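Below is one structure, written out as structure tokens; the observations come after it.
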Amino acid sequence: MTDIFLYDSFSFVLTRTIRLKGGLEEQKVLEITATEILKGSVISLPTETFYALAADPFDLDAVNRIFQIKRRPDWKPLLLLVESIDQVRMITKNIPSVFFDLAEAFWPGPLTMILPATKKVPSRVTGGTGNVGIRLLDQTFTRQLIRKIQLPIIGTSANLSGYPPCSKADDVLAQLNGKIELLIDNGNTKASAPSTVIDLTSPSIRLLREGAISKEYLKKYLS
């Protein structure tokens, strides 16, 4: 466990870094991470693609900090990570049947699906669109965290807007420069592409970003 002091014009923050394969038991790391999320901290976690910037999506102070930290335009929505279909039902409505086919085929995994959001999801998270991107990721620790706190979490990429996503913990620190309270270091994510993004908010399924899951694999659903 390493404490790193970093400073810039935005903040002076003690960023606590915990290595998952370090001296602490994973259950203890989960408890620390859950506490940070629930008290309103912004943290960074591993996913199967790149490191994510995470927070409680229902804590508007934490949500606003993510926009400030990333220098993200207000109109851009934030992705939510879930650990079950039940959590999807908590935060979305008018779910088309094809969603369940896609979830069975590609979840857990790097597929983000956009659905209409319920009123529970803050407009700040949806960027005012009324829709929300969701993903059930294939990364054990982060899924266990979501299960432990029984809430979806924000899972936007842990990088400044316009900068490359981070596959190493050191890259997260270099870009975010001490603006986060906690970083969970799980080594190199070995990712070559971000998640694939599809829009299910209209009758015609739209591929918005081809990523880790290729268009070829999605062809029968897109047609």
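Taking the criterion of being part of a strand (DSSP E or B) and either at pLDDT below 95 or charged (D, E, K, R) (or both), the only residue of the range 191-200 that qualifies is Asp199.
Leu81 satisfies every condition listed in (1) open to solvent by less than 10 Å² (accessible area, probe 1.4 Å); (2) in a helix (DSSP H, G or I) except (2).
Once the range 176-209 is narrowed to residues that are crowded, with 21+ Cβ neighbours inside 10 Å and touching a Pro at 6+ places or on another chain (Cβ under 7 Å), the residue that is nearest to Leu137 (Cα to Cα) is Ser195.
Looking only at the range 1-53, how many residues end up being touching a strand residue (DSSP E or B) at 6+ places or on another chain (Cβ under 6 Å), open to solvent by 20 Å² or more (accessible area, probe 1.4 Å), at pLDDT 95 or above and among the hydrophobic types (A, V, I, L, M, F, W, C)? Result for the range 1-53: 1. For the range 168-190, the tally of residues that are assigned to a loop (DSSP other than H, G, I, E, B) and farther than 25 Å from Asp56 by Cβ stands at 4. If we scan the range 89-111, do we find a residue that is among the acidic types (Asp, Glu), closer than 19 Å to Val197 by Cβ, open to solvent by 30 Å² or more (accessible area, probe 1.4 Å) and free of Cβ contacts under 8 Å to residues at least 24 places away in the same chain? Yes, the conditions are met somewhere in the range 89-111.
With respect to the conditions (1) buried (at least 16 other Cβ atoms within 10 Å of the Cβ); (2) within 17 Å of the chain's Cα centre (by Cα); (3) in contact (Cβ under 8 Å) with a residue 40 or more places away in the chain, Ala117 falls short on a single one, namely (3). Somewhere in the range 201-216, is a residue modelled with pLDDT of 95 or more, aliphatic (A, V, I, L, M) and under 24 Å from Ala34 (Cα atoms)? Checking the range 201-216: not a single residue is modelled with pLDDT of 95 or more, aliphatic (A, V, I, L, M) and under 24 Å from Ala34 (Cα atoms).
Scanning the range 137-166 for residues that are charged (D, E, K, R) and in contact with a Leu (Cβ under 9 Å, 6 or more places away or on another chain), we see that the one that is farthest from Leu38 (Cα to Cα) is Arg143. Among the residues making up the range 124-140, those that are closer than 20 Å to Ser202 by Cβ and surrounded by fewer than 23 Cβ atoms within 10 Å (Cβ to Cβ) are Thr126, Gly127, Gly128, Thr129, Gly130, Asn131.
Confirm whether Arg143 is at pLDDT 95 or above, among the charged types (D, E, K, R), open to solvent by 30 Å² or more (accessible area, probe 1.4 Å) and within 14 Å of the chain's Cα centre (by Cα).
Values: at pLDDT 95 or above: yes; among the charged types (D, E, K, R): yes; open to solvent by 30 Å² or more (accessible area, probe 1.4 Å): yes; within 14 Å of the chain's Cα centre (by Cα): yes.
In short, yes.
The values are calculated or read from the model by the stated rules, or taken from the named source; none is laboratory data. In this text, all values refer to a predicted model and were calculated from it rather than measured experimentally. Glycine also receives a Cβ, built like all others from the backbone with ideal geometry; neighbour counts cover every protein chain displayed. What goes into the accessible areas is simple: the full protein's heavy atoms, side chains included, and nothing from ligands, DNA or RNA. Shrake-Rupley method; radii C 1.70, N 1.55, O 1.52, S 1.80 Å.
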